[in-house]
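Remarks on the structure that follows.
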């Protein structure tokens, strides 16, 4: 069980209310496909990058279920490990660090070190949940 | 993943924009690192005050990075004495270089939301990785 402080809960909800999924989702994915080109191996069948909003919606589900993230992600974890076969090392370093950078650009000065820390903790929990179903 | 001629061009061009605000950017990156990755505070126990506003060290770091940009063709040579400092005196675990690099990228992204395009991001990321490697040269 993850212990969230009131500040962290409020900050995560606030970040997700401020960002535009249609912009941030595709921007984050297209950024990491350029910055870490080996990740392109996973996207041959992904289709239109504008479906990347679906990744943001997955994250939004987590925001709504912050006290039960592991269960929320069981299906997605199995999907990423068995069907998509994504190397889990990619999650944090490639995709979520890029997401932090895109959100930082969107929020500018509001992405203070404290907000950044809360977001990074949130992403670490998401990564750990996505890794759970790998064997 | 060595730096191509194109990468070096991009780094130099982008860094020209950075140099006017290097001190603030460096300070913000170090302060941010201490907040977001608190394990890094262990290297700064000799500082009396670890509050985010007191990160003058960021200016020192940025000056070294700016110097590295000007010597981008021989980073190992340029960073030799800093490598000895980090290896023998400071004894910073080199895994942390990536951490500071990430925080620097975040600050560059908040400071230059339009100029920090994916193409600039990849060139700067490669450059900072090369700097980290040069800094690790003397460790063992």
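For B:47, B:15, A:38, what ranking results if the residue with the fewest other Cβ atoms within 10 Å of its Cβ goes first?
On the way: B:47 14, B:15 18, A:38 10.
Listing B:47, B:15, A:38 from fewest to most nearby Cβ atoms yields A:38, B:47, B:15.
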(message) Please list, short to long, the whole-number percent of alpha-carbon pairs of segment B:1-125 in consecutive 10 angstrom bins beginning at zero.
(response) 12, 43, 36, 9, 0
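Is the C-alpha gyration tensor of segment B:64-106 telling us rounded, prolate or oblate? Criteria: a/c under 1.5 is rounded; beyond that, a/b larger than b/c is prolate, otherwise oblate. If you can, show how the numbers build up before the last one.
Numbers: a/c = 2.49, a/b = 1.06, b/c = 2.35.
Verdict is oblate for segment B:64-106.
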(request) Using all C-alpha to C-alpha distances in segment A:6-131, build P(r) with 10 Å bins and read off the rounded percent in each one. (result) 12, 46, 35, 6, 0
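P(r) tail for the protein assembly as shown, what percent of Cα pairs lie past 24 Å? Before the final figure, lay out each step's value.
Details: 19555 of 37675 pairs.
For the protein assembly as shown, the share of Cα pairs beyond 24 Å comes to 52 percent.
Here, each number is a calculation from the coordinates, and none is a lab measurement. Quantities reported herein were computed from a predicted structural model and do not represent experimental measurements. Positions of Cβ are backbone-derived with ideal geometry, glycine not excepted, and every protein chain shown enters the neighbour counts.
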